[in-house]
Structures are given as C-alpha cells and as structure tokens.
Amino acid sequence: MENNIQLAPGSTTPYQSNGSSTFAASTEKHVTGTYHEYEVDENSQSLSVSGTRVNSPDASIHDGKESHDLEKTNNDLNDIDIYDPNRPKFNFSRRIAHFTWAWFTLSMSTGGLALLIYAQPHQFPGLRQIGFFVYIANIIIFVGIVAAMTMRWVLHKGTFKTSITHSREAFFVPTIFLAMATIITGTQRYAISEESTSLAWFISALFWGYVVGSLFVAIAQYSYVFKTHSLGLQTMMPTWILPIFPIMLSGTIASVIAETQPQMNAIPIIVVGLTCQGLGLSVAFMMYAHMVGRLMSRGMPNREHRAGLFMNVGPPAFTALAIIGMANGLPDNLDISKGMVLDMKVIRPIAVVAAIFLWALSLWWFSIAVVSMIFSPPEYFHLNWWAMAFPNTGFILATISIGNEIQHEGIRWFATGLSICLLLTYLFVFYNLVRAVIVQDIMYPGRDEDVLDGTD
C-alpha cells in the first residue's frame, strides 16, 4: 500500500490499525540518517511506513487489545514538538509519570561496575575500597529508584498496571531483578567474609528467593506477551531477551556464592544455577535467531535504539563467566562414587573450553553493536544507553575469568584495557543521563519507554 498523502513533519495523524483508531507522529525532521515516508490512503485512512519500524503501534497492537500503549499526543501535548529545544518545561509531578522501569538499568550498571572493580586482575592499593563505595552507591541508587517508581504509582493512579502491560515499557520490568542480582553478588564480594557462617546462610536464602522470583517473571511475562501482544518478527528488538535474563543470572550468582557455602548448600546451589543458566541461554539462542532474521530482512534498528544491540552480548558472556565460576565452586573432595560421572579434573577444563566458545559469540555481538553505533550514533539520550555498560561488564568479567584459568597475562591486560573503556563509557552515559534529566530530554511526555515512538 504505497499511496498518497505526505504528512507534515512533526504532525500527528489518526489512522486505522486493525479497526481501531490510533495516532502516529512523524519524527522525520529530528532524526537524521533514517527517514520515514508516511503515506495515507485518503479513503481508508490506513497508513504505511516505508522503512523499518520496531514497536510501532500497528506492529505492536492487535485488535485494540493494547490501546493504552499509545501516547495520545494530540491531547497530552497540545501539538507541542517534543524534540524542540524550546518546548515547554513541565513540573516534577507531571514528569514523574514518565519515570519508567528502564531506570533500573542505572542500578544494574552501577552494580556491575562494582563487581568489575573487585575482579580486576591488576589491583592497586585502595581499588577495593573504591569498589566498596560503588557497591554502597548502587544500593542507594536502587532504593532511590524504587522510591521514585512508588511515587509515580501513587501520584498517577493506574500507571502501575499500565507499566507492566505496556508493549514497550513492560520489557524493562525484569531490570529490577538484574539490579537485585548485582546487589546480591556485590554483597557476597564486599560484605561477607569466608568465616561468616550466618551470613553465608543469609546470602543462600537470597539466592533461593531470587530464583523463585526471576522464574516467575520469565514464565509470567512471556505468557502475557504471547497471549496479549501480536508482535511481528520484523519488529524484533533485543529487549525481548530481558524477561529471561534474570533467571539466567541465577547461574552467575551461584558461581559467586558457591565457594563460600558449606558443601551441603553449595552443590544444590550450583545444580540449580546451572539449570537456570541453561534455560536462560537456550531462550536467548531462540531470540538470537529472530534477531539475526530481523537484521537480515529489515536492517539495523533506528539510530536511537542501536545501543540496545549490546544486550545481545550479555547471555553468552554471563554464561561463560558462570560455568567457570560454578566449576570452581564445586568441592574438591566431592565423592564421585555416588552417581558422579566426572571428577573435578575433567569438569573444570571442559568449563574453560565452553567458556571460550561462548566468549567468541559475545565478541561477535559486541563488534556488531560497535560498528552499528559508529555508522549511526544516536542523537538523543535514552535509558537504553546503559546497554553499553551492563552486558559488556559480563563480557569483561568472562575475559578476566578465562585469563585467570589459563594463566595468560596478555588476556589479563586486555581485560584491564577493556575495564578502563567500560569505566569511561559508564561516566559518559551517567553524565548524559544527568544532563537529560536537567534539560528534560527524558521524564518528559513522549520521550520515555512508556510510549511507542514509531521508530525501530
């Protein structure tokens, strides 16, 4: 359907999608390098877009079941251009309505940085103290985000339900569990000594609670998406992986805490951790098939969403990290006469080989994401920029673990160089986050994850 009306840039036009009236906003004049041509049949008022669109209204909504997904820009903004630097400023009460689940990406990235500092192969005096400070800062950030989210739900009735059912924002709900995972592992690294038996039981209880919660999210959220949304494969984005990410990190948590657990606790934790890690990676591989198909058939995502490609780095990287850690966490004196087929001298080398295999896949996804960002960097800040930090933390931690296992100093120095790059990336994204909040580039109607922006 390639007919006939040109929309004015920045205009808002009603159109029909599956029989229900919705709205589309052109952002053509604001995003250079990717252009959308809107054509509308004057008689049927149906709309098509030349180019790719991920999370666009007509791709994400089926038979009107998700009408709340759309920002009714003509009513909410009164024809305000949300990309105009001179647009009106809103007060805090109105802006808090757009404080989304994606803010937890800040917490999980900060927690990941604390873990990376702890794991550095080349330590210097005071580095662990800096890591401890980042760990405490992450807890404060996490509590602050929870408070802000609660404020949003209290001041703006109905936004809780909307946020967990929205076809874009809801995919960020699991980031709260990813942030919890970094706090649990950070607590193990910075707050629990090997001699503390009571705290070892405490961290074990946190692990089991996390497994139950993250498994519920993985099942419930995908079940809701399968039942309610109708998402075309051409709309595939890396955020579709997020619901399975928390349960996968159960293996990463197990790899960190198993070494300090009593043997009666360590083995069940490792077995469950390995099971969860396998579940997460298996689902991620299925998502990868869709992601590659989408890239082959529709091209790279819109420049504003390309940072999200770094999410693909996470699953194989964290799995590589986890299997090495869990193999090392198995007790050396494990009795192999009671049903165990392999002893530790076999399991640990296999774990390293598998980790290297998976690390290579992470490297490939990392390179794809870097190239896409170089060719078309985003123009505006979005919270998905934190995808440049947290998944890459797993990649660097896996590099460190492999270097330590094969005792290769070159790999360790390579990981150190990557760590410096990640620190600079974290500071860059954090600066842009603060700036975006101040100038109201985010927490602003139409600029956050609680709307479908009509781009891919």
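Could you please find all residues in the stretch 171-191 being closer than 22 Å to residue 226 by Cα and open to solvent by less than 20 Å² (accessible area, probe 1.4 Å)?
Matches in the stretch 171-191: 171, 172, 174, 175.
Could you grab the pairs with beta carbons closer than 9 Å, sequence gap of 6+ or different chains, first residue in the stretch 281-297 and at negative phi, second one open to solvent by 30 Å² or more (accessible area, probe 1.4 Å) and not β-branched (Val, Ile, Thr)?
Going by the 9 Å Cβ cut-off, the qualifying pairs are 288/361; 290/233; 293/233; 293/234; 294/233; 294/234; 297/233; 297/234.
Conditions: (1) of a type outside the set (Lys, Arg); (2) outside any helix (DSSP H, G or I); (3) touching a helix residue (DSSP H, G or I) at 6+ places or on another chain (Cβ under 8 Å). Residue 195 meets all but one. Number of the miss?
Just one mismatch for residue 195, condition (3).
Tell me whether the stretch 413-431 contains one or more residues that are out of contact with any strand residue (DSSP E or B) (no Cβ under 8 Å at 6 or more places or on another chain) and in a loop (DSSP other than H, G, I, E, B). Before the answer, list the steps.
Our first condition is that a residue be out of contact with any strand residue (DSSP E or B) (no Cβ under 8 Å at 6 or more places or on another chain); within the stretch 413-431, this holds for 413-431.
Imposing the further condition that a residue be in a loop (DSSP other than H, G, I, E, B) reduces the set to none.
No: the stretch 413-431 contains no residue that is out of contact with any strand residue (DSSP E or B) (no Cβ under 8 Å at 6 or more places or on another chain) and in a loop (DSSP other than H, G, I, E, B).
Read through the list (1) loosely packed, with under 14 Cβ neighbours inside 10 Å; (2) under 24 Å from the mean Cα position of the chain (by Cα); (3) at pLDDT below 95, then give the number of the only condition that residue 79 fails.
Result: residue 79 passes all but (2).
Find all pairs meeting these conditions: Cβ atoms under 6 angstrom apart; at least six residues apart or on different chains; first residue within the stretch 103-122 and on the phi < 0 side of the Ramachandran plot; second residue among the polar types (S, T, N, Q) and surrounded by fewer than 24 Cβ atoms within 10 Å (Cβ to Cβ).
116/419; 122/416
Look at the stretch 123-140 and say how many of its residues are open to solvent by less than 50 Å² (accessible area, probe 1.4 Å) and on the phi < 0 side of the Ramachandran plot.
First, pick out the residues of the stretch 123-140 that are open to solvent by less than 50 Å² (accessible area, probe 1.4 Å): 126-127, 131, 134-135, 137-138.
Subset that is on the phi < 0 side of the Ramachandran plot: 127, 131, 134-135, 137-138.
Result for the stretch 123-140: 6.
Which pairs have Cβ atoms under 7 Å, sit 6 or more apart or on different chains, and link a residue in the stretch 316-345 that is assigned to a loop (DSSP other than H, G, I, E, B) to one that is modelled with pLDDT of 80 or more?
330/270; 330/347; 331/263; 331/266
Which one of these is closer than 14 Å to residue 247 by Cα, surrounded by fewer than 20 Cβ atoms within 10 Å (Cβ to Cβ) and not polar (S, T, N, Q): 293, 273, 278? Lay out the reasoning, then the answer.
Values: 293 fails: closer than 14 Å to residue 247 by Cα; 273 fails: surrounded by fewer than 20 Cβ atoms within 10 Å (Cβ to Cβ).
Result: 278 is the single residue among 293, 273, 278 that is closer than 14 Å to residue 247 by Cα, surrounded by fewer than 20 Cβ atoms within 10 Å (Cβ to Cβ) and not polar (S, T, N, Q).
The values are calculated or read from the model by the stated rules, or taken from the named source; none is laboratory data. Quick caveat: nothing in here was measured; it's all calculated off a predicted structure. Reconstructed Cβ throughout: ideal geometry from the backbone, glycine too, with neighbour counts over all protein chains shown. Areas reflect the complete protein model, heavy atoms only, side chains present, ligands, DNA and RNA absent. Shrake-Rupley method; radii C 1.70, N 1.55, O 1.52, S 1.80 Å.
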